[in-house]
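Visitor: Pasting a structure here, questions to come.
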Amino acid sequence: MSWLSGFNGPQTLGSGLGFWSSFAAAVVLLAAAPWLVESYLVNNLAYFLLWTFMALGLSVIWGHAGILSFGQTAFFGLAGYSYGVISINLGDANGLTWVAFSGALLLTALFAALVAYFMFYGGVGNVFVGIVTLSITLVMETFMAQTAGPEWAIGSARLNGFNGMSNMPPLTMPGIVEGGLVLEGNALYWFVLALAVSVYLGLRRLVNSRFGNVLVAIRENPDRAEMLGYDVRLYQLAAFTLGGALAGVSGVLYTTWGSYITPSSMGLTAAALPIIWTAAGGRKDITTTFVATVFLLWLSQTLAVKGAQYALVLMGVILLLVVLLAPDGLVLLASRALARTAAELRRRRT
Amino acid sequence: MATLLETRRLTKSFGGLFASRGVNLAVEAGEIRCLIGPNGAGKSTLFKLISGTYRPDAGQVYFDGVDITLFRPYRRINQGLSIKFQVPGIFVDLSVEHNLRIALQRLVASAQIDDETEKLLYFLDLAGARQMLAGTLSHGQQQWLEIGMAIALCPKLLLLDEPTAGMTPEETFKTGELLKRLNAGGMTIVVIEHDMAFVRQIARCITVLHFGEVFFEGTLDDVVNSKDVVRIYLGKE
Amino acid sequence: MLATGIGFAYQFADSFAFLILSSIGLAVIFGMMGVINLAHGEFIMCGAYVTVLSARAGLPLPLAMVLGAAVAGAIGILIEFLVIRRLYSRLFDSIVATWAISVIATQGMLIVVGPSLEGLKTPFGSFELAGLTFSWYRILLPVVALAILASLYLLFVKTPFGVRARATIQKPEMARALGVNTDRVYSLTFGLGAALAGLTGALYAPTMTTVPTMGSAFIVQAFVTVVVGGTDVLLGAAPAATVLAFIQSLLTASNGQLIGQVGLLLTVIVVVRLMPKGISGWMLKGSE
């Protein structure tokens, strides 16, 4: 199966027939969900899936390039608000919402690149990347929270401070049906699913490519990576921009899913969540990160019925246990154990 | 013969302490040069100035006729330099094979990279250990792995800082033979060493550094017979 | 004119005190151990809660404050033993671990104690000057802040514990070889940082509403002061707080509190870029 070879490699777990057939089965099952479960569950699934881009982005930045960034939620928020501002001003006729989508992503990617340039080309060390990105996240939240007055508006879109921005139009696919297909409910679910699968496959190729190898080299030993002839700063900038853009995808999808975006989505607690999902899954592998994100979101939601605090306490406990006992991530630990068991069983059979 | 590497009045100080004091060094293409000198003579500092890890306070570095003084390290590597520092610089948590592949991938096309990795593994006598994590290799094997990564770049100039430190006499001898083979193939090599048997095995020309300056240059016999050199190593006669 | 000047001076002193008191616990732990304690805000919260609860139970306020600091310190020692101790070789993970503890503490308090607690009144009342009202208590706080800084200086420079602590932090193996119980030093230093945070919470408890998330009001200020102050905690804290209090007062006076906050954060970003070792690092460079 040589056409699969680009998708397998040293940076990803799972490469054989077993893995890929399970993957195909999972995709088919997920695609069939609207016919298998009730619509509110489908909406929830769409919600879980839309966060995966943020986590995958963090996996690229932190798990692969070794840069701990607290800034993912800043890019999430920037993209969400940008989508809101652009789409409220442009309206949703004739696929203009896609202009808002792309505009928001472009803006977010540019901002991420700017921050990356400032940090990596300024020779800021790793601890300071954490400080700068945390500061940016806090600035964004604090700044947006005080935009309550009517003077805080861009065009016809009011920023609304603590209460957040709402009533932005959902994404609409021009054509398909009369007036364009509004991406809500099942349509939105399939869109998010298709995007998630494409991004996942695309990242699998990327992290296993030469580019991915260089990122890992930078994570392991940045001086040696430089001495092999790589411009470390450029690769760090590329990884950080990609991660920021992916966080932006989550941001736009979140905004369009709930028609709503608030400053608290950029707050300190919100900034902790992608770190928890990525760390718990195993940040160095995109598959475990993906699985852990969806699982932990589902778990939080189930617990939030009792009270959001219980869910968050559990998240905190999980993160603490992971750091102390399974720093490579729980899902990674589990998959390794599974792989060892499978190998052992195979050996015993021969 | 053309001068491949030249430093002019290279100077570097750390808080008032001069590690390099106007070093003028010229290495011809095709040489194997050994850099020796007592501890604190500034040998490793000189290498770091040549690699770009340190910025000089004054002076220039020329490589193959190009003034690389202001180049960042990765640009110097791209010009054809390759370096192995004293502190091990392998990717300890990656496999041996992956270490070499990362070193090779910049210059080798995808179609050939598997073959080239194989060849390099056998060349370094590490084929049996290919899946092992690089950090679990013996010290001598780690040195070879790193030398392997450095030569994977097919450099014009190879700089090695104490490559045989911690090696057994057999490993040291093998390393010497390896370097001679590389040199016979056209690679210019500069080695910082303390092991005089090794120096004798590989070098024709030797530069002695002392207190950050070039103190003496000549063949090994010239060096051994020089009273001045003996004095700086042993203190007063 | 005089009123604006006095008003500004009051605002400045108030910011200065808040910055010093917010950061001192974090600074001790970061400066001495290199650990970024993201649960710092929660130690402050702990000190505040203990103070309010014991004062309402009848304990005189100064004693309640001491108790608040002591309880926070004890919990700090416990956390150092259970969590931090295992992470000295992986300092990055200690950031994540303390963040986890912070989330557990805040949300846990929300579950156990509920969203708010009836607080205390600010002691000593207020007075009027040049048409503006000032609180005696808030004028006392900058004095207390400076007193704490002075005591820490004496502790770390003049006492045997302080000398041992600094030796351990700089060269642990050497300190151990000389017979210093390094485990105890780390434990006590972390405990001291936690106790200082608890003291801050105790001091500000009469001026704020006690909520489980109150730590977040301090964490930004703490973090900003430590980063701008730089590598030498004792040397950098006061100059950093002075500069930052000035910037914050100026911005708050013209644009409001949140913009003042934004200004602080932007200052951090600029300082990190231009003076990566902070003010104290820049001050010490000349003596190399």
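The values are calculated or read from the model by the stated rules, or taken from the named source; none is laboratory data. Since this is a predicted model, take the numbers as computed values, not measurements. Neighbour counts run over all protein chains shown; Cβ positions are idealised from the backbone, glycine included.
Visitor: Restricting attention to region C:131-151, report how many residues are out of contact with any helix residue (DSSP H, G or I) (no Cβ under 9 Å at 6 or more places or on another chain) and not in a helix (DSSP H, G or I).
Guide: Residues meeting the conditions: 1.
Visitor: Right, here's the next one. Out of the residues in region B:67-101 meeting the condition of being β-branched (V, I, T) and within 20 Å of the chain's Cα centre (by Cα), tell me which one is surrounded by the fewest Cβ atoms within 10 Å (Cβ to Cβ). So that I can check it myself, show each step before the final result.
Guide: Applying the first criterion (β-branched (V, I, T)) to region B:67-101 yields B:68-69, B:77, B:83, B:87, B:90, B:92, B:96.
Subsequent filtering for residues that are within 20 Å of the chain's Cα centre (by Cα) retains B:68-69, B:77, B:83, B:87, B:90.
Numbers: B:I68: 20, B:T69: 18, B:I77: 23, B:I83: 24, B:V87: 8, B:I90: 24.
Looking at the filtered set, the residue picked out is B:V87.
Visitor: Would region C:202-211 turn up any residue that is under 20 Å from C:T106 (Cβ atoms), touching a Leu at 6+ places or on another chain (Cβ under 8 Å) and within 14 Å of another protein chain (Cβ to nearest Cβ)?
Guide: Within region C:202-211, one or more residues are under 20 Å from C:T106 (Cβ atoms), touching a Leu at 6+ places or on another chain (Cβ under 8 Å) and within 14 Å of another protein chain (Cβ to nearest Cβ).
Visitor: Out of curiosity, is C:I101 surrounded by 17 or more Cβ atoms within 10 Å (Cβ to Cβ), modelled with pLDDT under 90 and within 14 Å of chain A (Cβ to nearest Cβ)?
Guide: When the stated conditions are applied, C:I101 does not pass them.
Visitor: Consider A:L324 carefully, then state whether it is of a type outside the set (D, E), within 14 Å of chain C (Cβ to nearest Cβ), part of a helix (DSSP H, G or I) and in contact with a Lys or Arg (Cβ under 8 Å, 6 or more places away or on another chain).
Guide: Judged against the criteria, A:L324 is a match.
Visitor: Let me confirm something: among C:V180, C:V271, which residue is over 19 Å from the mean Cα position of the chain (by Cα) and crowded, with 23+ Cβ neighbours inside 10 Å?
Guide: Residue meeting the stated conditions: C:V271.
Visitor: Looking at (1) surrounded by fewer than 17 Cβ atoms within 10 Å (Cβ to Cβ); (2) facing chain A (nearest Cβ under 10 Å); (3) at pLDDT 85 or above, find the lone condition where C:N255 falls short.
Guide: Unmet for C:N255, out of (1) surrounded by fewer than 17 Cβ atoms within 10 Å (Cβ to Cβ); (2) facing chain A (nearest Cβ under 10 Å); (3) at pLDDT 85 or above: (3).
Visitor: Restricting to region A:298-328, name every residue that is under 12 Å from A:G281 (Cα atoms) and at pLDDT 85 or above.
Guide: The answer is A:I318, A:L319, A:V322, A:V323.
Visitor: Continuing with the same structure: Which numbered condition trips up C:V35, out of (1) of a type outside the set (S, T, N, Q); (2) within 14 Å of chain A (Cβ to nearest Cβ); (3) assigned to a loop (DSSP other than H, G, I, E, B); (4) more than 30 Å from C:A167 (Cα to Cα)?
Guide: Result: C:V35 fails condition (4) only.
Visitor: Additional query: Name the single residue that is farthest from C:T267 (Cα to Cα) among those in region A:121-135 being of a type in the set (A, V, I, L, M, F, W, C) and facing another protein chain (nearest Cβ under 7 Å).
Guide: Only one residue fits best here, namely A:V124.
Visitor: Kindly evaluate C:A55 against the criterion of being more than 10 Å from every other protein chain (Cβ to nearest Cβ), of a type in the set (G, A, S) and in a helix (DSSP H, G or I).
Guide: Judged against the criteria, C:A55 is a match.
Visitor: Assess whether C:G25 counts as being small (G, A, S) and not in a helix (DSSP H, G or I).
Guide: No.
Visitor: Among A:S82, A:S69, A:S87, A:S59, which is in a loop (DSSP other than H, G, I, E, B), buried (at least 24 other Cβ atoms within 10 Å of the Cβ) and on the phi < 0 side of the Ramachandran plot?
Guide: Numbers: A:S82 fails: in a loop (DSSP other than H, G, I, E, B); A:S87 fails: in a loop (DSSP other than H, G, I, E, B); A:S59 fails: in a loop (DSSP other than H, G, I, E, B).
Exactly one residue qualifies, and that residue is A:S69.
Visitor: Follow-up. So, A:V192, is that one within 14 Å of chain B (Cβ to nearest Cβ), buried (at least 22 other Cβ atoms within 10 Å of the Cβ) and not small (G, A, S) or not?
Guide: In short, no.
Visitor: Next question, about the same structure. Of the residues that make up region C:239-252, is at least one at pLDDT below 80 and either within 17 Å of A:T142 (Cβ to Cβ) or among the hydrophobic types (A, V, I, L, M, F, W, C) (or both)?
Guide: No, the conditions are met nowhere in region C:239-252.
Visitor: Just name the residue that is nearest to C:F124 (Cα to Cα) out of those in region C:150-160 that are surrounded by fewer than 19 Cβ atoms within 10 Å (Cβ to Cβ) and among the aliphatic types (A, V, I, L, M).
Guide: C:A150
Visitor: Out of the residues in region B:150-173 that are touching a residue at least 40 places away in the same chain (Cβ under 8 Å) and more than 15 Å from B:I77 (Cα to Cα), state the one that is farthest from the chain's Cα centre (by Cα).
Guide: Checking each candidate, the answer is B:A165.
Visitor: Let me ask another. Among the listed residues A:T288, A:T255, A:T278, identify the single one that is assigned to a helix (DSSP H, G or I), within 14 Å of chain C (Cβ to nearest Cβ), of a type in the set (S, T, N, Q) and buried (at least 17 other Cβ atoms within 10 Å of the Cβ).
Guide: None of the others qualify; the one that does is A:T278.
Visitor: Would you say C:Y49 is within 18 Å of C:T207 (Cβ to Cβ), under 18 Å from the mean Cα position of the chain (by Cα) and of a type outside the set (A, V, I, L, M)? Outline the logic, then answer.
Guide: On the way: within 18 Å of C:T207 (Cβ to Cβ): yes; under 18 Å from the mean Cα position of the chain (by Cα): yes; of a type outside the set (A, V, I, L, M): yes.
Criteria met by C:Y49.
Visitor: Quickly run through region A:108-119 and pick out the residues that are more than 14 Å from chain C (Cβ to nearest Cβ) and in contact (Cβ under 8 Å) with a residue 60 or more places away in the chain.
Guide: Scanning region A:108-119 gives A:T108, A:A109, A:A112, A:A113.
Visitor: Still on this model: Of everything in region B:109-149, what is within 13 Å of chain A (Cβ to nearest Cβ), within 20 Å of B:L178 (Cβ to Cβ) and without any contact (Cβ under 8 Å) to a residue 40 or more places away in the chain? Give them in sequence order.
Guide: Listed by number, the residues that qualify are B:T117, B:R130.
Visitor: I need the full set of residues from region A:195-223 which are surrounded by 23 or more Cβ atoms within 10 Å (Cβ to Cβ) and either farther than 30 Å from B:N78 by Cβ or without any contact (Cβ under 8 Å) to a residue 40 or more places away in the chain (or both), in order please.
Guide: A:A196, A:V214, A:A217
Visitor: Here's another thing I want to ask about it. Might you check whether a residue that is among the hydrophobic types (A, V, I, L, M, F, W, C) and over 26 Å from C:G281 (Cα atoms) occurs anywhere in region C:213-226?
Guide: Yes: one or more hits.
Visitor: Any residue in region A:142-157 that is in a helix (DSSP H, G or I), at negative phi and of a type in the set (D, E, K, R)?
Guide: The answer is no; no qualifying residue exists.
Visitor: So which of C:A202, C:A217, C:A195 is among the hydrophobic types (A, V, I, L, M, F, W, C) and modelled with pLDDT under 90?
Guide: Answer to the selection: C:A217.
Visitor: A further question follows. For region A:291-313, which positions are within 19 Å of C:T106 (Cβ to Cβ) and either buried (at least 19 other Cβ atoms within 10 Å of the Cβ) or small (G, A, S) (or both)?
Guide: Within region A:291-313, A:L296, A:S300, A:A304, A:G307, A:A308, A:Q309, A:A311, A:L312, A:V313 qualify.
Visitor: Looking for whichever is more than 25 Å from B:R72 (Cβ to Cβ), within 14 Å of chain C (Cβ to nearest Cβ) and surrounded by fewer than 19 Cβ atoms within 10 Å (Cβ to Cβ) here; the options are B:G40, B:G16. Which one fits?
Guide: Values: B:G40 fails: within 14 Å of chain C (Cβ to nearest Cβ).
Exactly one of B:G40, B:G16 is more than 25 Å from B:R72 (Cβ to Cβ), within 14 Å of chain C (Cβ to nearest Cβ) and surrounded by fewer than 19 Cβ atoms within 10 Å (Cβ to Cβ), namely B:G16.
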